[in-house]
Amino acid sequence: MQRANTESPSILIIGTGFGGLGMAIQLKRAGYHNIILLEKAGRVGGTWRDNTYPGAACDVQSHFYSYSFEPKHDWSRKFGLQSEILGYMEHCVEKYGLGEHIRFNSEVAEAEFDQRLNRWNVTLTSGETLTSRILITATGQLNQPAWPNIEGLDQFQGRMFHSARWDHDYDLTGKKVAVIGTGASAIQFVPEVAKQANTLNLFQRSAAWVLPKPDRPFKPWEQWLFSKLPVWDRLYRYLIYWKNETRALAFTRFNGLLEIFARQARKEAQKRVTDPEKLRKIIPDYQIGCKRILISNDWYPAINQSNVNLVTDAIREVAPDGVVTADGSHYPADAIILATGFRASEFLSPITITGRNGRNLNQAWEDGAVAFKGITVSGFPNMFMLYGPNTNLAHNSILYMLESQFHYVLDCLKALDKYPGAAMDVREDRQERFSQVVQTGLEGTVWDTGCTSWYLDENGKNTVNWPGFTFTYRFATRHVETADYQFLNPAN
Ligand code: N01
């Protein structure tokens, strides 16, 4: 049943990535129209807008990287390219009339809950304040580039940029390039940069486990089938889902199964990397899966190129004209590209969020980010997080998790309908119990085998990953138990 405009609670959504856009679509479909999406940039897309480095693509199959309620049938390849994914997101904005709800160049600085009125006051960096009954955060986990803490970094006289802020005005052709980091971003752009650069010194602190990418363009008849036979499209998605889902078993329960993939990765490296010294360095020495497993067909061939030098000595400092390693070796560089990842476990920081009784979110999370079902945080009524703590996946599409969250948030709004003017606040004991279940579930998983990764916060706690199947998460978010919440009247 559609809601009348007048009775719609005011809703502010921070962010226009897959989370914010999908939530807004589902809200509109459910009859909520009093929605504003605040976007810090001048374009939608979140991480798919920000990461424009050469070779940027998704490592989840394209058919499972679109909303289930808005399938895209004409993907050009099995794994979508950044531009195609961004195009799909812009198509969704257009089709669902989200444009009129989005305020671009509106970066949120603070959000404060006013318990006298049960309203959120959201202040932008411009100083303007907006007010709403509901606050939905959709800022993602991988939105803040991590700059490494390396001595002399600010003294570098050449060009330096982070992979998530690619400097397209700088031509790398014929240049001496240093790349720091060998994660998912680096393995995609290094093969492209290696084609252009005179020399590429790749600074590897830990080797990555890299498997072949089963990618290829779709043939026109395949695209035709997907678009003409929706049932075939659905079946294809279904098959991808279950294929990916079986991997959760290996990540969380039977790490030994992953050895099959380790063997495959080693074999692939041995086939592609002919320089024995490079081959020795490129094979990881930690449990496969502990860091994200990467997929690429051009990573090993790029490493094998004679203009690519794999440096595994620790970086001592950055000099004005290059990088210096612990043994004193100097690697001259015209440009340094930082492929050093994101500050994932900081979640909503740097936004200052203040809940009931002046409670600050960063302080509440001093021992690590925690949220009930990854969505609601005790003391922060009527605030709902998308892609919040412990809802990241290493084995399947995040869009599936997001859609579970959209459903749960809508159910929360329905629950709120029964308490006019109230704000719902998750009970602390329920949040604590949920967190214990998640943390117990994370024990003995592959992420708990001793490596460092962006899954772990500064205390070594995994506040990022969901420890199991995505269908168990969907089951957990299928409806709101009102007993999990207190419904607070204004000034309560
Ligand atoms: O970042 P990362 P990313 N000195 O954190 C190294 C998603 N994603 O941007 O491993 C030297 O994985 C660090 O070394 P170590 C995906 O979920 C998806 O590559 O800590 N090195 C590591 O090698 C992914 O997992 C896609 O020892 C330093 C690298 O920098 C996530 O984003 C594409 C250093 C950081 O790797 C993050 O990927 C891209 C230092 N001081 C991203 N500090 C696809 O869908 C850090 N490092 C394909």
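The values are calculated or read from the model by the stated rules, or taken from the named source; none is laboratory data. Owing to the predicted nature of the structure, the values given are computational and were not obtained by experimental measurement. Glycine gets a Cβ as well: all are built from the backbone with ideal geometry, and neighbour counts include every protein chain shown.
Here are a few things to note about the model shown:
- The lone exception for Asn143 - which of (1) modelled with pLDDT under 95; (2) over 21 Å from Phe380 (Cβ atoms) it fails: (2)
- When residues of segment 219-231 are limited to those that are touching a residue at least 40 places away in the same chain (Cβ under 8 Å) and not polar (S, T, N, Q), the one surrounded by the fewest Cβ atoms within 10 Å (Cβ to Cβ): Pro230
- Scanning segment 328-353 for residues that are more than 16 Å from the ligand (Cβ to nearest atom) and polar (S, T, N, Q), we see that the one that is nearest to Ser453 (Cα to Cα) is Ser349.
- The criterion of at least 3 residues that are touching an Asp or Glu at 6+ places or on another chain (Cβ under 9 Å) is met, among strands (runs of 3 or more DSSP E) falling completely within segment 72-134, by 119-124.
- Every residue from segment 438-476 that is aromatic (Phe, Trp, Tyr) and crowded, with 16+ Cβ neighbours inside 10 Å: Trp447, Trp454, Tyr455, Trp466, Phe469, Tyr473
- Scanning segment 302-315 for residues that are part of a strand (DSSP E or B), in contact with a helix residue (DSSP H, G or I) (Cβ under 7 Å, 6 or more places away or on another chain) and within 14 Å of the ligand (Cβ to nearest atom) returns a single hit, Leu310.
Residues checked against (1) farther than 27 Å from Thr173 by Cβ; (2) within 14 Å of the ligand (Cβ to nearest atom); (3) in the same structural domain as Asp50 (by TED's automatic domain parsing):
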| site | (1), (2), (3) |
| --- | --- |
| Glu245 | yes, no, no |
| Arg263 | yes, no, no |
| Lys291 | yes, yes, no |
| Tyr300 | no, no, no |
| Glu317 | yes, yes, no |
| Gly322 | no, no, no |
| Ala326 | yes, yes, no |
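- Scanning segment 192-202 for residues that are of a type in the set (S, T, N, Q) and either free of Cβ contacts under 8 Å to residues at least 40 places away in the same chain or away from the ligand (no atom under 15 Å from the Cβ) (or both) turns up Gln196, Asn198, Thr199.
Each row is one residue, and each column tells you yes or no for (1) closer than 27 Å to Tyr455 by Cβ; (2) modelled with pLDDT of 95 or more; (3) in contact with a Pro (Cβ under 9 Å, 6 or more places away or on another chain).
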residue: Ala57; (1), (2), (3): yes, yes, no
residue: Phe79; (1), (2), (3): yes, yes, yes
residue: Val108; (1), (2), (3): yes, yes, no
residue: Ser126; (1), (2), (3): no, yes, no
residue: Thr139; (1), (2), (3): yes, yes, no
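- Across segment 398-432, the number of residues qualifying as assigned to a helix (DSSP H, G or I) and under 18 Å from Met385 (Cβ atoms) comes to 22.
- Residues of segment 54-66 that are touching a residue at least 24 places away in the same chain (Cβ under 8 Å), buried (at least 22 other Cβ atoms within 10 Å of the Cβ) and touching an Asp or Glu at 6+ places or on another chain (Cβ under 8 Å): His63 alone.
- Any hit, segment 329-336, residues being more than 23 Å from Gly460 (Cα to Cα), touching a Leu at 6+ places or on another chain (Cβ under 7 Å), in contact (Cβ under 8 Å) with a residue 60 or more places away in the chain and not polar (S, T, N, Q): yes
- Segment 239-260, subset modelled with pLDDT of 95 or more and aromatic (Phe, Trp, Tyr), residue farthest from the chain's Cα centre (by Cα): Trp242
- None of Arg216, Arg234, Arg159, Arg205 is surrounded by fewer than 18 Cβ atoms within 10 Å (Cβ to Cβ), within 10 Å of the ligand (Cβ to nearest atom) and more than 20 Å from the chain's Cα centre (by Cα) except Arg205.
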